[in-house]
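Okay, so here's the structure we're looking at.
The values are calculated or read from the model by the stated rules, or taken from the named source; none is laboratory data. No experiment lies behind these values; they were computed from the predicted model shown. Using ideal geometry, Cβ is built from the backbone for each residue, glycine included, and neighbour counts are taken over all protein chains shown.
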Amino acid sequence: MWSDSILDTIGNTPLVRLQTLGRDFPCTVLAKVEFFNPGGSVKDRIGVAMIEDAEAKGLLKPGGTIVEGTSGNTGAGLAIAAIAKGYRCIFTTTDKQSPEKVDVLRAFGAEVVVCPTNVAPDDVRSYYSVAARLAREIPGAFYPNQYDHPANAEAHYRTTGPELWDQTDGRITHLVAGAGTGGTISGAARYLKEKNPDVQVVGVDPYGSVYAEYWRTGEFKESEIYPYATEGVGEDILAGNMDFSLVDDYVQVDDKTTMQMTRRLAREEGLFVGQSCGMAVAGALDWLGAHRDRLTEDDVVVVVLPDSGFRYLSKTYDDEWMRRNGFLEATPSLTAEGVLAARGRTDGVIAVAPASTLAQAIETMTAHGISQVPVMDGDEVVGSLSERGVLSRLIAAPDARGQAVAEVMAEPLPVVDAALPLDRLTAHLDGSAGAVLVRGEAGDGAPSYQILTRSDLIAALAASGER
């Protein structure tokens, strides 16, 4: 069986249990994974819905142009529908959005106008205003305005809500979702509450968005609005599709928590998702933790994960971007001193003198269970012996046991400072000896040494998780 067009593959996305992140709660925690839609996000649902509504009302005619302001995902949903139906697309977006989102829109053949983020919604430069102006100026243009278009929330009332109800066999007790246009949370919540008024709906908002405070106070507070990094969720306006009466509680999540949770979803659950997904899960876990005593094993919590991680490769999944924005702590590079500390032994180095016999050196190595030993003349490192070198010498000359170490020793092990960083330390350990001497200072000011081997470094890296 096949689909007649890509539009027939939209919806019926899976529910996936959060095996790791949800295991500490008595309830079942599920994720509605929307990146299974063909355009990679939940917005595919509203793209086709708004276009078909416009066609039915005669607002969009063959060969027409769709103009919309988008953070990226709605644009992709509209673009896919436009390709199937033969329309042109022009999208406005903000310079805060990831390059991948803009690239996706252009890959679908759309024209993209990038506008500044940090301007008021009614500023002529805002992506809202630019989209509205272009729609007025271009003949045959249709401006969906996803924020206020009733088909947005209606699409989720007709598809997302029923899917959640059917996929949980009517057992869903909590719906957790972020809100941008408000269509997903409002449409799905309306359906679920009609089926069961006891279903609890929890909104998740980034700090810097106006929604959470408006839900709490009923006041639009401009003081609550400020720039934030999380894309595609929250607003500095009150979207017409956002029905606050359907929301039972609201939590807020900061950017750093959002970004780190997004990466955890990939690494701990195998869910390669976008920023708003991390925000939704972080908010859900925060809310569940605060209400743990009210939860039972019969509760079924569903968190909506709107999109894919592929649109955030240059941001959330890039270590340098994360560190530059303060979302990933800069891990100090492991040093020689750190490796020794991880080993736990701080006893001084076992050494042999150049005047000792090879037999005495072998006895020392055997007694201490070591495979290599420095040769020291007082405080000076003058050579080294290794298990392999000693064996080769004895095979070649069985009577070498009586020879002085000075006659058979190899080159000294490299001597390094305790502060030597990991990259330079590794270069030294790549040598044939596979060990270095770490120089320190004894209490009397004389130099002291500790031997550090490849196995010590491997153990320290495993303990620290450093790559």
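Summary table below
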{"quantity": "Subset of region 21-54 (residues that are in contact (Cβ under 8 Å) with a residue 40 or more places away in the chain, assigned to a loop (DSSP other than H, G, I, E, B) and among the basic types (Lys, Arg))", "calculated": "Lys43"}
{"quantity": "Output for region 184-212, where each listed residue is more than 24 Å from Gln260 (Cβ to Cβ) and of a type in the set (Asp, Glu)", "calculated": "Glu194, Asp198"}
{"quantity": "Residue under evaluation Asn196, criteria (1) within 32 Å of the chain's Cα centre (by Cα); (2) surrounded by fewer than 24 Cβ atoms within 10 Å (Cβ to Cβ), criterion not met", "calculated": "(1)"}
{"quantity": "Positions within region 188-198 being under 22 Å from Trp287 (Cα atoms) and either free of Cβ contacts under 8 Å to residues at least 40 places away in the same chain or part of a loop (DSSP other than H, G, I, E, B) (or both), in sequence order", "calculated": "Leu192, Asn196, Pro197, Asp198"}
{"quantity": "Every residue from region 202-257 that is within 23 Å of Asn73 (Cβ to Cβ) and among the polar types (S, T, N, Q)", "calculated": "Ser209, Thr230, Asn241, Gln252, Thr257"}
{"quantity": "Check on Val67, surrounded by 15 or more Cβ atoms within 10 Å (Cβ to Cβ), of a type in the set (Val, Ile, Thr) and not assigned by TED's automatic domain parsing to the domain that holds Gly178", "calculated": "yes"}
{"quantity": "Which numbered condition Ile237 fails, given (1) at pLDDT below 95; (2) under 25 Å from the mean Cα position of the chain (by Cα); (3) not polar (S, T, N, Q)", "calculated": "(2)"}
{"quantity": "Subset of region 136-147 [surrounded by fewer than 16 Cβ atoms within 10 Å (Cβ to Cβ) and either closer than 21 Å to Val16 by Cα or touching a Gly at 6+ places or on another chain (Cβ under 7 Å) (or both)]", "calculated": "Gly140"}
{"quantity": "Helices (runs of 4 or more DSSP H) wholly inside region 267-382 that include at least 3 residues being at pLDDT 95 or above and either touching an Asp or Glu at 6+ places or on another chain (Cβ under 8 Å) or surrounded by fewer than 18 Cβ atoms within 10 Å (Cβ to Cβ) (or both)", "calculated": "275-290"}
{"quantity": "Residue that is surrounded by the fewest Cβ atoms within 10 Å (Cβ to Cβ), among those in region 1-20 that are under 20 Å from the mean Cα position of the chain (by Cα) and touching a residue at least 60 places away in the same chain (Cβ under 8 Å)", "calculated": "Gln19"}
